[in-house]
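One structure is given here, and the rest of the page talks about it.
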Amino acid sequence: MTALYRDQRQCAICHTYTTFTCVNAKFVFDDLDMDGRPYDMSLIILPYWVQQCSKCHYCTTDIRINTPQAAEVIKTAAYLGLINDQAFPYLSREYNAASYLARFTNDYANAAWHALRATWKCEDTHHPLRGVIRQQALDCFLLALQHQQPFAPTLSEQHLIIADVCRRHGEFNSARHHNQKAAQLHPTDATHAAINIQARAIEENSMQRLARPQI
């Protein structure tokens, strides 16, 4: 099964058609980082998890789907400022805009993933503001958890992701707290192995990328 395919999609806001390279939702990535990033394919896949309408600049995972209040939000100076913010790489701008829109509509789970993917792009270019975007991702993950908006298959996995975002942000006490919560919530064998790796990295004050173990 191929990971990518081409598709013409109509914007739910302005009805303009744009052709995108899309990620096959059924494609399974074998190697992942602790925070869900495809370990070897991220540079290939990352540009295709967000779409921007070629006319109205609506940014989201799939422009065929209307986000509540999007028609109004995408016209605001705050949203357009993110689209045009030269301080960030182009792809990060799209993710930042998508995250802003999702957070504006209280969709904290998607806001978190968009912000985290913006962070991945900033990391690839060693961007000095990558920590700012990671903090935004962390804030949204915590809000998603608070509002019971799932962003991973199990609650244990959700705490593990937050632990990794905290650790990579240098917040080791918070990382330890969420990693311990993940361990208490009946993790699968694979998740339990990841929790143990995460625990060692936290105790070593490591902020490096970690691959999930293959179980």
Checklist entry - What lysines could a cross-link reach from LYS55, if we take a straight Cα to Cα line under 26 Å and drop same-chain neighbours fewer than 8 places away? => result LYS75, LYS121
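When a footprinting reagent is the concern and you count Cβ atoms within 10 Å, what order do MET34, MET207 take, fewest first? Kindly include the intermediate steps, with their values, before the conclusion.
Numbers: MET34 22, MET207 13.
Least crowded to most crowded, the residues run MET207, MET34.
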Checklist entry - Taking the Cα atoms only, what angle lies between the long axis of helix 155-168 and the longest principal axis of the chain, rounded to 10 degrees? => result 90
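Counting other Cβ atoms within 10 Å of each Cβ, which chymotrypsin sites (Phe, Trp or Tyr not before Pro) in region 21-67 have at most 15 and sit in a DSSP loop?
Here the sparse-neighbourhood loop sites are PHE27, PHE29, TYR39.
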Next on the checklist: Which aspartates and glutamates, if any, have their Cα less than 18 Å from the Cα of LYS181, not counting same-chain residues under 8 positions apart?
Outcome noted: ASP35, ASP139, GLU157, ASP164, GLU171, ASP189, GLU203
Checklist entry - Let a ≥ b ≥ c be the square roots of the eigenvalues of the Cα gyration tensor of region 1-95; is it rounded (a/c under 1.5), or, if not, prolate (a/b larger than b/c) or oblate? => result oblate
Checklist entry - Can you give the angle from 0 to 90° between the axis of helix 90-104 and the longest principal axis of the chain, with both taken from C-alpha atoms, to the nearest 10? => result 90
Checklist entry - For the Cα atoms of the chain, what angle does the longest principal axis make with the long axis of helix 172-184, in degrees from 0 to 90, nearest 10? => result 80
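Could you give the dipole magnitude of region 83-215 about its Cα centre, charging the beta-carbon of Lys and Arg +1 and that of Asp and Glu -1, in debye to the nearest 20? Don't skip to the answer; put the middle values down first.
Details: 13 positive and 12 negative charges, 20 e Å.
That gives region 83-215 a dipole magnitude of about 100 debye.
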Checklist entry - What Cys residues in the chain have no fellow cysteine's beta-carbon under 4.7 angstrom? => result CYS22, CYS59, CYS122, CYS140, CYS166
Checklist outcome for this item: For ASP139 and ALA77, extending 7 Å from Cα along the Cα-Cβ vector and measuring point to point gives, in nm, a value of 2.0
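A short reminder: the numbers here are calculations on the coordinates, not readings from a lab. All figures in this text were calculated on a predicted structure; none of them were measured in a lab. Cβ: placed from backbone, ideal geometry, glycine included. Neighbour counts: every protein chain shown.
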